[in-house]
Every structure is written in structure tokens, then in C-alpha cells.
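The values are calculated or read from the model by the stated rules, or taken from the named source; none is laboratory data. Worth saying up front: this structure is predicted, and the values here are computed from it rather than measured. So basically every Cβ, Gly included, is an ideal-geometry build from the backbone, and we count neighbours across all protein chains shown. Surface accessibility is based on the protein's heavy atoms, side chains included, excluding ligands, DNA and RNA. Shrake-Rupley method; radii C 1.70, N 1.55, O 1.52, S 1.80 Å.
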Amino acid sequence: LNLQHIYIENMECINQSNNLLFENKKGYSYQCELTNTIVVNFDGIITSYKIRDFLIFQRMVNSVNVLDMLYNLSDEGDFKLIEATKRNFSKELTICEIVQLRDLLNGTKFTIVLNSMLLEVLSDTVVY
């Protein structure tokens, strides 16, 4: 699938065709071919990551203990501040939003790994 991206601050991906990696009801992600970055749109917040930064952010979101949040009866337990290092993502998310962001990031990572494996296998195949 291809998407047309209209605007990303400080990016060269404006109006370029990009490869959609993953999509759920809260957002989508794609790979920008011009800048070799992963662009994530979650709930209207658009951020871009080099692959290393994306993996750090994905691990950080996965490390949030959702069960502790569920069992925490105080008002502070209803939200968790999620921030990406070196990027412009900073938002207090509900438990449901954290689960949806995890889904988006994990689906994106799965697609990246799958694409990488396919490229490796196909490049090893000799065509006569």
C-alpha cells in the first residue's frame, strides 16, 4: 500500500510515496524512502525515527506495566506519560491508548523484521 503524506515537520517526506508498514484504528506507520526513517502517526501525533530510535521507543512502550496501572486505584494510575527520546512524542496515555500504541509499534516492528528477512532470502536466491 502507498500513502501520500502531506506534512511532517523537519522532514523531506513531503508529498512522497511511502510504504505503509502497519495500521490500526489509532494510527499508522510507514517507511520514508527519502530519509530512511520510520514515520508513526498515533492519534494525530506524527513522529519520525531512525530505526535504532524506533526500537528504543518500542521497547520503552512495551516496558510499561499495564497490570500495575489496572490495579492502581488512584487517579494517577489512569494515565502514564509516554515520551520518546530525541523526538517530539510526549503524551499522557490511558491504559487503552498504551495498548493501542503497543499494537501499532509491535506491528510495525514485525513488518520491518519480515521485510528484512524476505530481502535477505531473496538476495541469496540465484536466478538463472
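Couple of notes before you dig in:
- Of all the criteria given as (1) aliphatic (A, V, I, L, M); (2) over 14 Å from Lys109 (Cβ atoms); (3) open to solvent by 60 Å² or more (accessible area, probe 1.4 Å), the one not satisfied by Ile51 is (2).
- Residue within region 35-48 that is acidic (Asp, Glu), surrounded by fewer than 16 Cβ atoms within 10 Å (Cβ to Cβ) and either part of a helix (DSSP H, G or I) or touching an Asp or Glu at 6+ places or on another chain (Cβ under 8 Å) (or both) present: yes
- Residues within region 72-117 that are among the β-branched types (Val, Ile, Thr), open to solvent by 50 Å² or more (accessible area, probe 1.4 Å), assigned to a helix (DSSP H, G or I) and over 17 Å from Leu20 (Cβ atoms), tallied: 1
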